[in-house]
Amino acid sequence: MKCVIITNSFNRNIKLVERSLIHSLKLANQIEKLYFIDQNEKPLELSKEITENSKIKIIHRNVTCVSKARNLVELNDNIDWVIFCDDDGYIDSNYINVLKDVVEKNKDINIIAGSIVRDDNGEYYSPRHKIGGDLNLFRNTKLLMGSNFCVTAKAFNELHKFDEDFGAGGFWGAGEETDFAWNAHFSNQKMAYERSLIVYHIPPYCGSLKESIQKAYRYGIAKGALVSKWILRKKLKVFYEFFEMLFIPLIQVLASFFLLKWNLILVYLSSLIGRVVGLVKGLIYYLKRI
């Protein structure tokens, strides 16, 4: 089974980037290539341990959009699986063995979402990953996160890769992985969630309160726009997400109020406001393109 890993980086702490790349290169004898897309204006000065490894190919392109960066990699027909790992996360040492085992048991699967585990306490990054579920069900498509998923090169090309309007640095600023998962779902691609396929990741919202509020609002905008895009494509299942994206932040705000977690109230309110704003902006944006 021929696999490649794709990692991209923009304005990230170089220590995190190197940690990610070094862990991926520990799997060098099990992969065909590690593609690193350096999106920074000035190329990162990486250690020789990384740059002198024959399995890494560094592509320097000063593009701010994560989707555009990932789409730069040309995948030929002899590649079986593409693995995506964020630059602030790192792949588990047993990753390829687990992937091979899953593929061997499920030969019809084209997309596999792995779990994301916090690197500080070993807990799951999100409650969704702890619960798990059938990725083929629409309600579970958000199990697929850009920090850790695999896709056959054939399916990735058939799905036309990522929509470059979505993702950090793109027009909407986030949501590229959910958009990809919905595209796969509505294209009847066979998918699975595998908890034992692990990438370790820094904790969510580990920055300042201001940064967390801005991130929640930005992600909210993208989620609202994403719902608009697919509703206008007449995919009625997306109304499930429409109700969930408004209902859950309200519950989170109320829970935080009773727990006296004032900072979280601001974060969840920002997320809710962003989602409503994104929904309206998305409707306007995509109606103009119909």
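The values are calculated or read from the model by the stated rules, or taken from the named source; none is laboratory data. Predicted, not measured: the structure shown is a model, and the values here were computed from it. Note: ideal-geometry Cβ built from the backbone for every residue, glycine included; neighbour counts use all protein chains shown. The accessibility values were calculated without ligands, DNA or RNA, using every heavy atom of the protein model including side chains. Shrake-Rupley method; radii C 1.70, N 1.55, O 1.52, S 1.80 Å.
Between residues in the stretch 69-85 that are of a type in the set (S, T, N, Q) and residues that are open to solvent by less than 70 Å² (accessible area, probe 1.4 Å), which pairs lie under 6 Å by C-beta distance while being six or more apart or on different chains? Qualifying pairs under 6 Å: Asn71/Lys161; Asn71/Phe162.
Contact map, the stretch 157-179: residues that are more than 23 Å from Leu137 (Cβ to Cβ) paired with residues that are buried (at least 20 other Cβ atoms within 10 Å of the Cβ) and acidic (Asp, Glu), Cβ distance under 6 Å, separation 6+ or inter-chain. Pairs shown: Gly167/Glu176; Phe171/Asp165; Trp172/Asp165.
Take the residues in the stretch 20-53 that are touching a helix residue (DSSP H, G or I) at 6+ places or on another chain (Cβ under 8 Å) and among the polar types (S, T, N, Q), then tell me which one is nearest to Asp77 (Cα to Cα). My answer is Gln30.
So, in the stretch 137-153, exactly how many residues are over 14 Å from the mean Cα position of the chain (by Cα) and either within 17 Å of Asp179 (Cβ to Cβ) or touching a residue at least 60 places away in the same chain (Cβ under 8 Å) (or both)? Show your work before the answer.
Filtering the stretch 137-153 for residues over 14 Å from the mean Cα position of the chain (by Cα) gives 137-140, 152-153.
Now narrow it down to the ones that are either within 17 Å of Asp179 (Cβ to Cβ) or touching a residue at least 60 places away in the same chain (Cβ under 8 Å) (or both): 138-140, 152-153.
Matching residues across the stretch 137-153 total 5.
Residues of the stretch 124-141 that are open to solvent by 70 Å² or more (accessible area, probe 1.4 Å) and outside any loop (DSSP other than H, G, I, E, B): Tyr124, Pro127, Arg128, Lys130, Ile131, Arg139.
Quick check on my filter: what residues within the stretch 195-227 are closer than 24 Å to Asn136 by Cβ, buried (at least 20 other Cβ atoms within 10 Å of the Cβ) and not hydrophobic (A, V, I, L, M, F, W, C)? Walk me through how you get there before you give the answer.
Residues of the stretch 195-227 closer than 24 Å to Asn136 by Cβ: 195-199, 222-223, 226-227.
Then keep just the ones that are buried (at least 20 other Cβ atoms within 10 Å of the Cβ); that gives 197-199, 222-223, 226-227.
Correct list: Lys223 only.
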